[in-house]
Amino acid sequence: MTSIKYFWDNYKFIVSLTVVSFLVFFLFERLNPDFFLYDDNSTQFLPFYKYNWVSLVENHTIPLINFHQYLGQTYLAQGQSGVLYPPVYIAAFLSKLLGGDFFITLDILALIHIIAASISMYCLLRFNELDHKISFVFSLIWVSIPYFIVLSKGWIIMSYFLLYIPLCFLFLLRLLKYCRMRDVLLLSLVNAFFFFQGYIQNVFIYFVFEFLFIILYFRFGLLELYKTKTSFFRQLTLYFYSKLIFLLLILPLLLPVLINQKVSAHRSEQLSFLTFMRFYVPLRDFLSSQLFLFKKNVIFGVDSEIYFSGLFFITIFLVFIFIKKKIDLRIEHRKNTIIFFLLALSALVFSTLFNSVFYIFPLFNSFRWPFKYLAMFFFFQCLFTAILLNAVYLKYKKFRYLILLLCILVFVVNIIMISYKPQNVTARKPFYRNAGEISPYLGKENGRIFTLGKINNKKRSLYRGELFATFYDEFHFAGYDPLVSKENHTKALGLGQTSNYKGILSPGLLKYLSGWSVKYFIVGKEDKNNESKIIKRLKLVYFENDILIYENPYSYPLVYYLNRDLRITKAYFNNPPKFNFGVNKITVDVGGSPGEYMVLNIIPLKNYQTFVDGKKINIKVNKIKDRLTLKIPKDSDQIVISYFEPYFYYGFIISLFTLFVIITLFIFKRV
């Protein structure tokens, strides 16, 4: 069946899925504007995606490092930034086009992936030769499962997972059935897109179950069902070809992530057992959720309706009558049902306390929170339930409308489950800055920001650390990055997540922070630091909405000179050189420099390169007092310090060549 003919035969259902998905999305937005702009979406992913747009589209540069947070931290190499994921740029463009800013980027991304997920699931079910209408209603059920939608409100990556599970499985089944090189390449490309979205744990979880599926697939001898002359060896060979091509395609992200992980503060070794097992699914809570008995706050403020499966009792009934052999299935459907049932059961078990047995295995103990395996449970449950219900639908013609009505009811119940409590996620709402509102930040060129204590304010997100400085083009002393390097993390006082320092500002701490160019201290009105003697030595420059901002007169410049004795004089302190922080580089005008050395107040990570008056020069980068320090060449006017990620470029060249070969094969119809 050609792609055009396939679409023509199914276009009514595909268009209907698009319309219904959009209407459901519109309902969510009406009930709760900015439905997908909570928690990490607000504090992490939105700043990421804006920075990606500004860097790549406006400055034509792939962002490799982020100077806005953590004294200069690696950016692309931390993975989740989504630098290489094309839908990010499509959504950012549409957000700017429709809203004039970036604030609806996450909602647009969610809409794109929900629509694409419904179509992908429909195509997967139709590929398994299920009826059009059954495929249609189960595709709607798939994109209405509370687990995915509720979690996507705070973690947009779950909407990506919603799409790529059925899409990857569709191309996997095509490869196993047709054994064509075309399907090998398409599967590799889809897997690569999945990887480039950035959340590697979801990719790992998917591949665990893909591997289990392959084992069961050959164990039950499904290759014998297809009337081809291909051998077991050819199917397996093509499958491994797809994985090899996939690895070649993802090298631009995979290599930097692996290198970065080795020096990370939190992920260079296996997780602690408590971190690994946090947020497992108690079987009792799972079962009670099917009876609408929900437990509050099971995961970051989310209630246990994310465990709810509208298909649960339908599934149990269908499995029972299937065991009693009251449903006749074609042999391929029967074996597929058994495989999908076993995989669903495995995924449910993996999400419970049983997951602790995997702690002894490498890779498994690098990823946390067993509840994430529930995604695969819902997927396989949806598949085998659809196959069984399709058989009932075809056998009992008198009850067809009743069966469809039952499926639609499940869809409606799921939507109600999502909608009845729209605030059901950690409620750090969007950090809008109203038109004409005075910015609490006073210019990144002046220095860094440091947040003291807890900010009790409706707009507290404006004043927290995390990644807001990246969004607003400011500098914050700390930040939020799961793969932040040990060096960055240590020098930033071990701050993470909210980046708020909860202690008292002491003379020693003030001296340390001043040395790292902390110019502004943001303090809540009720915080105890407001009564300290140290804070009164600073200048109060802003007081509004229960927020106080103090200016630090002792702050070192972000860039300054040193004399030949590596000391800073008063003249150097008061008259720093002109500089500009750009994407991956810092440009400093040193014409007529009075000093012999120059200090850039960032962590001297590896891979910095130096350009003097446009020419690359090998200047020794010193690590004086943990700052990036270099000697100024004589008669130079401008120095550019640029961050270079060699493993990204090595991987990019290999990936680009692989993509070129794939495109060439398609053009010349060799596949």
Could you run the Karplus curve 6.51 cos²θ - 1.76 cosθ + 1.60 with θ = phi - 60° over the range 251-262 and give me ³J(HN,Hα) per residue in whole Hz, x for Gly and Pro? 4, x, 9, 4, 5, x, 5, 5, 5, 5, 5, 5
What is the sum of charges, Lys and Arg at +1 and Asp and Glu at -1, for the other residues whose Cβ falls under 9 Å from the Cβ of residue 599? +2
Over all directions, average the projected area of the Cα convex hull of the range 70-216 and note it in nm². 10.9
Taking all pairs of different Cα atoms in the range 609-671, averaging 1/r and flipping that mean, what Kirkwood radius in angstroms comes out? 15.2
Applying a 10 Å radius around every beta-carbon, put 661-667, 131-137 in order of their mean neighbour count, most first. 131-137, 661-667
SASA check, residue 178, accessible area w/ 1.4 Å probe, all protein chains in place, rounded to nearest 10 Å², comes out at 90
Can you pick out the pairs among 243/295; 570/631; 578/623; 486/536; 454/536 whose Cα atoms lie more than 30 Å from each other? 243/295; 486/536
Residues of the range 255-287 with backbone N under 20 Å of the label point set 7 Å from the Cα of residue 654 along Cα→Cβ are 255-263
Mean residue ellipticity at 222 nm from the helices of the chain, using -39,500 (n - 2.57) per DSSP H segment of n ≥ 4 over the full residue count, to the nearest 500 deg cm²/dmol? -15000 deg cm²/dmol
Simple Cβ-charge dipole of the chain, Lys/Arg +1 and Asp/Glu -1, about Cα centre, in debye nearest 20: 1200
Using only Cα atoms, what is the ratio of the radius of gyration of the chain to 2.2 N^0.38 Å? 1.06
Protection proxy ranking, peptides 296-302, 85-91, average beta carbon neighbours within 10 Å, highest first: 85-91, 296-302
Using alpha-carbon coordinates alone, the radius of gyration and Dmax of the range 462-535 in Å work out to 12.5, 37
Which entries of 262/511; 133/335; 153/606 show an alpha-carbon separation above 27 angstrom in the structure shown? 262/511; 153/606
Take the alpha carbon gyration tensor of the range 216-370, find the square roots of its eigenvalues, order them as a ≥ b ≥ c, and report rounded if a/c is under 1.5; if not, report prolate when a/b exceeds b/c, else oblate. oblate
How much accessible surface does residue 399 have with a 1.4 Å probe, in Å² rounded to 10? 110
Would you compute, for the Cα atoms of the range 133-226, the largest minus smallest coordinate along each principal axis and list the three values in descending order, in whole Å? 44, 33, 24
Quick one: order 502, 585, 243, 398 from most to least accessible surface, probe 1.4 Å. 398, 502, 585, 243
Put 401, 649 in order of accessible area, largest first, 1.4 Å probe: what do you get? 401, 649
Does the range 542-590 come out rounded, prolate or oblate, given a ≥ b ≥ c as the square roots of the eigenvalues of its C-alpha gyration tensor, rounded meaning a/c under 1.5 and, failing that, prolate meaning a/b above b/c? oblate
Just the Cα atoms of the range 377-417: what Rg and Dmax do they give in Å? 11.3, 32
According to the square roots a ≥ b ≥ c of the eigenvalues of the Cα gyration tensor, what is the shape class of the range 283-359, taking rounded for a/c under 1.5, prolate for a/b larger than b/c otherwise, and oblate for the remainder? oblate
Along the positive direction of the dipole of the chain (beta-carbon charges: Lys, Arg +1; Asp, Glu -1; about the Cα centre), which of 198, 538, 469 reaches farthest? 198
Could you run the Karplus curve 6.51 cos²θ - 1.76 cosθ + 1.60 with θ = phi - 60° over the range 475-480 and give me ³J(HN,Hα) per residue in whole Hz, x for Gly and Pro? 10, 10, 4, 10, x, 9
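The values are calculated or read from the model by the stated rules, or taken from the named source; none is laboratory data. What you are looking at is a predicted structure, and each value in this text was computed from that prediction instead of being measured. Every residue, glycine as well, gets a Cβ built from its backbone with ideal geometry; the counts of neighbours run over all protein chains shown. Quick note on the areas: whole protein, heavy atoms, side chains included, nothing else; ligands and nucleic acids left out. Shrake-Rupley method; radii C 1.70, N 1.55, O 1.52, S 1.80 Å.
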